[in-house]
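Accompanying notes for the structure given below.
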Amino acid sequence: TMMTGAQYEESLRKMNFKVYLMGEEVKNPVDHPMIRPSVNSVKMTYDLAHDPQYQQLMTAVSHLTGETVNRFCHLHQNTEDLVKKVKMQRLLGQKTASCFQRCVGMDAINAVDSVTFEMDQKLGTEYHERFTRFLRKMQQEDWTVDGAMTDPKGDRSKAPHQQDDPDLFVRVVEKRDDGIVVRGAKCHQTGALNSHWVLVMPTIAMGPEDADYAVSFVAPADAEGIIYIYGRQSCDTRKMEPGADIDLGNSQFGGQEVLMVFDDLFIPWENVLMCGETEFSGMLVERFAGYHRQSYGGCKSGVGDVLIGAAALAAEYNGADKASHIKDKLIEMVHLNETLYACGIACSAEGHRTASGTYLIDLLLANVCKQNVTRFPYEIARLAEDIAGGMMVTQPSQQDFEHPVAGKFVAKYFRGTDKAPAESRMRIMRLIENLTLGTAAVGYRTESMHGAGSPQAQRVMIARQGNIEGKKKLAKAIAHIQE
Ligand code: SF4
Ligand code: FE
């Protein structure tokens, strides 16, 4: 059954994570001021599923049980599911103006489903059945799952088995009758501490010598042997300031990234989904990355909607909204933002069925989508800063605004038009700062660059999928070249 946001929060409180943040072990991550906004973002994925207005996007009918499940736990059964996924992500980006984290698990289950199916077909293994058992439980319990792919990778010029330190890619250190023991780490783990389970996948295509590294499994996120070290975000300690509100820009929502360490973690065989099948590790990476590149067409355009709205308000508060260059800049921002969305929709509409029945996006278009994401949010952010003006980085603190002496001057000199008191302007400036330079810039900027694979990874896929030979044939036919 689908949890409400409140039930989700309760379920998180029961987890027993081992987590370090700013030099301290955190016993209650849910209420830690630096972590809390990220919990609220994931909560939104639960609450909106109960909102009649959004149920159509937020829920789906399970192909396993026929029951209604949260779409984040669903395997895409057709291209309409793929399209709805992107629309759901845009909606959540609009509602949170941050990363709501739950997509990595959705993308992971969809990739692992088709890959384990094809692996079993070819090798006679039994991974797909194990996975399906897990999925059934995940749907029933409405879990948030952390899809964990990115290894530390050490020396990028070396394969996993060639590294000085053999743990720089997650590996199997021991095979036992009852299961395996794994060691290693996953970096930049989005929402890991807001998850009930983790689904670990290998991070690159591998050769036979890397067999110990071709490993995929599921584990409870608070299993003994998993240690979390919380990632810092720009301006994150503002959240620790008592009464902080205006200065946060977005006081309610945020993202979360964590270093996840497997310190000799035991995994029973029933939870192992790949163990040594190197020939399938590349396929798993490609499909997971493909889904996540599709995802960005949704979430980034949703966050972009908020940023464009903020820029338009900043202009209005300044009395500059009628200036033709401002109007044109807003048009440019919308154009760029809708281009991202269009790519997300396009790779979904052009999706196809895989052998397991789960639908996969068009990989070329998904990679084009993500390649645009490595550029357009930066340009949208640049235009937002252009429209906002310097105040977004020089305005005084909320404490000064509330100070009996300084406050009067702040209110007097930071006002805009007669409809724009200083507080409204300060709030919108801080929101723009949050998205372009602050905590949310992690998701909106650098993650747009490197999340779901760095730009070069997409270019490799575009080269592979771009069919230049086919295009040459077209040109020859038109030009009447016979060879
Ligand atoms: Fe979802 Fe976007 Fe966050 Fe990835 S970056 S988890 S796609 S919201
Ligand atoms: Fe991501």
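Where a number appears in this text, it was derived from the coordinates with a stated rule and is not lab data. Not measured: the values here are computed from a predicted model. Virtual Cβ from ideal backbone geometry, glycine too; neighbours counted across all protein chains shown.
Side notes on the structure shown:
- Kirkwood Rh, angstrom, segment 284-474 [1 / mean 1/r, Cα pairs]: 18.4
- Distance between the 7 Å Cα→Cβ label points at Val405 and Glu24: 3.3 nm.
- Segment 393-453 shape via C-alpha gyration tensor axes, a/c threshold 1.5: prolate
- Point-to-point label distance, Ser234-Glu209, nm (Cα→Cβ direction, 7 Å offset): 4.1
- Across the cross-link table entries Lys153/Lys329; Lys27/Lys186; Lys300/Lys408; Lys137/Lys175, which are compared at the Cα atoms, the separations over 29 Å belong to Lys153/Lys329; Lys300/Lys408.
- Angle between the chain longest axis and helix 103-123 axis [Cα atoms, degrees, rounded to 10]: 10
- Segment 319-350 and segment 139-214 have Cα centres spaced 38 Å apart.
- In plain terms, the residue of Asp113, Asp321, Asp164, Asp31 with the fewest other Cβ atoms within 10 Å comes first and the most crowded comes last, giving Asp164, Asp31, Asp321, Asp113.
- Using R0 = 25 Å, the C-beta based FRET efficiency linking Ser397 and Asp418 works out to 0.50.
- Per-residue HN-Hα couplings for segment 461-474 [Karplus 6.51, -1.76, 1.60; θ = phi - 60°; Hz; x = Gly/Pro]: 5, 5, 4, 6, 9, x, 6, 5, 4, x, 5, 4, 4, 4
- Two-site FRET efficiency, Thr4 against Met283, from Cβ-Cβ distance with R₀ of 60 Å, rounded to 0.05: 0.95
- Residue-span extension gain [Asp245 to Ala320] - 0.36 nm each, minus C-alpha spacing: 24.3 nm
- Convex hull volume of the C-alpha atoms in segment 5-281, normalised per residue: 141 Å³.
- Nearby lysines by direct alpha-carbon distance to Lys471 (threshold 27 angstrom, same-chain neighbours under 8 apart not counted): Lys370
- Rounded, prolate or oblate (a/c below 1.5 giving rounded, otherwise prolate when a/b exceeds b/c) for segment 365-433 by Cα gyration tensor: prolate
- Its relative contact order, with pairs defined as Cα atoms under 8 Å and 6+ residues apart, puts the chain at 18 percent.
- Annotation for segment 351-396 versus segment 23-90: alpha-carbon center distance of 20 Å.
- Couplings 3J(HN,Hα) for segment 165-175, derived from phi with the Karplus relation 6.51 cos²θ - 1.76 cosθ + 1.60 (θ = phi - 60°), are 9, x, 8, 6, 10, 4, 9, 8, 9, 7, 10 Hz, where x marks Gly and Pro.
- Annotation: aspartates and glutamates with alpha-carbon distance below 15 angstrom to Lys412 (same-chain offsets under eight excluded): Asp400, Glu402, Glu423.
- The aspartates and glutamates whose alpha-carbon is closer than 13 Å to the alpha-carbon of Lys239, local same-chain residues fewer than 8 away aside, are Asp31, Asp247.
- Modelled FRET efficiency - R0 41 Å, Asp51 with Lys122, Cβ distances, 0.05 increments: 0.40
- By other beta-carbon atoms within 10 Å, ranking Met201, Met240 with the fewest at the front produces Met240, Met201.
- A crude spin-label estimate for the pair Ile468 and Glu483, with each label 7 Å from Cα along the Cβ direction, gives 1.3 nm.
- Ranked Leu330, Leu307, criterion: other C-beta atoms within 10 Å, fewest first: Leu330, Leu307
- Between the amide H of Thr59 and those of Arg71, distances stay under 5 Å, these residues lying 5 or more places away or on another chain, with hydrogens modeled in the peptide plane.
- Working note: Karplus 6.51/-1.76/1.60 with θ = phi - 60° gives segment 427-439 the couplings 5, 6, 5, 5, 5, 5, 4, 4, 7, 9, 9, x, 4 Hz, where Gly and Pro are set to x.
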